[in-house]
Amino acid sequence: MVQSLNTKTSAPFQAIAYVGIGSVYGKLLIGDKAFEFFNDANVADTIQIPWETIHHVEGIVTRQNKISRQFIIVLNRQGNSKRQNHVRFSSKDAGKVLKLIREHIGNDKVVKAPTLMSKVKKLLTKRKS
């Protein structure tokens, strides 16, 4: 059995973690010390992310300004790596989850995910200058 990093947690949320090629169904726990995901099929298979290792969290917002079910946790760079690791989750209660995360890591670290158009616009403005 895996030991939880948290001493206090929120109610568990049903969620899907997109790791590797497939997806894993389980429960999200948001606590005072970490963000935790427990697999439904195998409880020993967990994802535990302490709040200090999270760089920022991206919530996907639609054109109608509604929060999508998916959100991305971007982790701090490890060592001299140029890329940042990220983990994608999906939950019916993504809005509630993002609000709870905002309480722990701060309002400035929960951001709107860049859209395809914003990425293209950024590439075009880089080439001009």
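Every number here is computed from the coordinates shown, using simple stated rules; none is lab data. Source: prediction; values computed, not measured. All Cβ positions, glycine included, derive from the backbone under ideal geometry; neighbour counts span all protein chains shown.
Couple of notes before you dig in:
- Packing rank of 60-69, 41-50, 20-29, where each peptide gets the mean count of other beta carbons within 10 Å, highest leading: 20-29, 41-50, 60-69
- Candidates K96, K82, K33: whichever shows maximal mean-square fluctuation once the chain is modelled as a Gaussian network with Cα springs under 10 Å: K82
- Rounded to 10°, Cα long-axis angle of helix 116-128 versus longest principal axis of the chain: 40 degrees
- Across the stretch 47-77, the residues whose backbone nitrogen lies under 18 Å from the label position 7 Å along the beta-carbon direction of K121 are 59-66.
- Degrees between helix 94-105 axis and first principal axis of the chain (Cα, 0 to 90, nearest 10): 90 degrees
- With the highest mean first, a sort of the peptides 4-11, 70-77 on other beta-carbon atoms found within 10 angstrom per residue produces 70-77, 4-11.
- Additional length obtainable on full extension of the chain from V111 to N85, 0.36 nm per residue less Cα span: 7.7 nm
- Applying 0.36 nm per residue to the separation of N6 and E103 and subtracting their alpha-carbon distance, the gain on full extension is 33.4 nm.
- Selection from V61, L123, A34, by position along the positive dipole direction of the stretch 13-128 (Cβ): L123
- Based on Cα contacts under 8 Å between residues 6+ apart, the chain shows a relative contact order of 20 percent.
- Global size of the stretch 13-128 as Cα Rg and Dmax, reported in angstrom: 15.2, 51
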